[in-house]
Amino acid sequence: MTIKKILIVDDSPTERCLLSAILTPHGFQVIMAEDGKQAIAKAKVERPDLVLMDVVMPGINGFQATRLFVNDRLLAEIPIIICSTKGQAIDKIWGLRQGAKDYIAKPVIETELLQKISKLN
């Protein structure tokens, strides 16, 4: 699978903008959602190749949204990389247990993010 379209899920407009600024110059098409509920709805319509998921969000948090993606037959094949300020080892382990393919702590470093995306291609 070639990753071309990425759904950024973050309640912070600043974080969405920063991630978009990293990805678009590298040819990725970016779509955005403000929370887990919106992410699921957008993913069903837009069919992204990858989701970058924040954890701390109102309503459905990123861990819950990741589980919902994994358990939805229409969304289960879409890989998720969690991008969160929750950078403890236990957070990473929990995120991977929810079904995320990878985990990156904020602030996101461009080269690290691009390497993680490349690993999924």
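Summary of computed values
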| read-out | value |
| --- | --- |
| Number of the condition not met by ASP91 [criteria: (1) in a helix (DSSP H, G or I); (2) at pLDDT below 95; (3) buried (at least 18 other Cβ atoms within 10 Å of the Cβ)] | (3) |
| Any chance PHE69 is at pLDDT 95 or above and in contact with a Leu (Cβ under 6 Å, 6 or more places away or on another chain) | yes |
| Qualifying residues in the range 52-84 (those that are among the polar types (S, T, N, Q) and under 13 Å from the mean Cα position of the chain (by Cα)) - the one surrounded by the fewest Cβ atoms within 10 Å (Cβ to Cβ) | GLN64 |
| In the range 36-51, the residues that are part of a loop (DSSP other than H, G, I, E, B) and surrounded by fewer than 19 Cβ atoms within 10 Å (Cβ to Cβ) | ARG47 |
| All positions within the range 95-117 that are surrounded by fewer than 17 Cβ atoms within 10 Å (Cβ to Cβ) and in a helix (DSSP H, G or I) | LEU96, ARG97, GLU110, THR111, GLU112, LEU114, GLN115 |
| Residue under evaluation THR85, criteria (1) out of contact with any Ser or Thr (no Cβ under 9 Å at 6 or more places or on another chain); (2) without any contact (Cβ under 8 Å) to a residue 24 or more places away in the chain; (3) of a type in the set (Val, Ile, Thr), criterion not met | (2) |
| Single residue of the range 12-28 satisfying the filter (surrounded by 14 or more Cβ atoms within 10 Å (Cβ to Cβ) and polar (S, T, N, Q)) that is farthest from ILE81 (Cα to Cα) | SER12 |
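The values are calculated or read from the model by the stated rules, or taken from the named source; none is laboratory data. These numbers were taken from a predicted model, which means no experiment stands behind them. Neighbour counts run over all protein chains shown; Cβ positions are idealised from the backbone, glycine included.
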